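Visitor: My structure is below; once you've seen it, I'll send some questions.
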Amino acid sequence: SDFMGEGFAATRRLHGIDTRDPTLDRRVFELCLSIPEEQFCFGGVPRALARTAMANVLPPLVRDERRRGAQ
């Protein structure tokens, strides 16, 4: 992980871009693995966990979108 940290620091110095990778945080990784698989498609609703978590944050038009995003 030291190599990754040096790479992130170099990107920040050279380009002014702060790079983060949440998968490098063990706590995030362990949280994701601790969630039961059934919660991700609860009641036949895809992405049920994210939709429930974002219920008070995102408008229904955004939260209930069924199309896949272009990455």
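The values are calculated or read from the model by the stated rules, or taken from the named source; none is laboratory data. Computed from a predicted model, the values in this text were never measured in an experiment. Note that each Cβ is placed from the backbone with ideal geometry, even for glycine, and that neighbours are counted across all protein chains shown. Please note that ligands, DNA and RNA were not included when accessible areas were found on the heavy atoms of the full protein model with its side chains. Shrake-Rupley method; radii C 1.70, N 1.55, O 1.52, S 1.80 Å.
Visitor: Using a cut-off of 13 Å between beta-carbons, work out the net charge of the residues near GLN39 (Lys and Arg +1, Asp and Glu -1, GLN39 not included).
Guide: Here the charged neighbours net out to 0.
Visitor: May I pose another question? Only Cα pairs under 8 Å and at least 6 apart count here; give the relative contact order of the chain as a rounded whole percent.
Guide: Result for the chain is 12 percent.
Visitor: So, one more: Considering all projection directions equally, how large on average is the shadow of the alpha-carbon convex hull of the chain, in square nanometres?
Guide: 7.1 nm²
Visitor: Send over a whole-number figure in Å² for the accessible area per residue of the chain, probe 1.4 Å.
Guide: 92 Å²
Visitor: Which is farthest toward the positive dipole end of the chain among LEU61, PRO36, LEU24, measuring Cα position about the Cα centre, with Cβ charges +1 (Lys, Arg) and -1 (Asp, Glu)?
Guide: Highest projection toward the positive end goes to LEU61.
Visitor: Tell me the carbon and sulfur percent of the accessible area for the chain, rounded to whole percent, probe radius 1.4 Å.
Guide: 60 percent
Visitor: Got a sec to turn the phi values of the stretch 18-25 into Karplus ³J(HN,Hα) couplings, 6.51 cos²θ - 1.76 cosθ + 1.60 with θ = phi - 60°, whole Hz, x for Gly and Pro?
Guide: 8, 9, 10, 10, x, 6, 7, 8
Visitor: Could I ask something else about it? Given charges of +1 on the Cβ of Lys and Arg and -1 on the Cβ of Asp and Glu, with all other atoms neutral, how large is the dipole of the chain about its Cα centre, in debye to the nearest 20?
Guide: Result for the chain is approximately 320 debye, rounded to the nearest 20.
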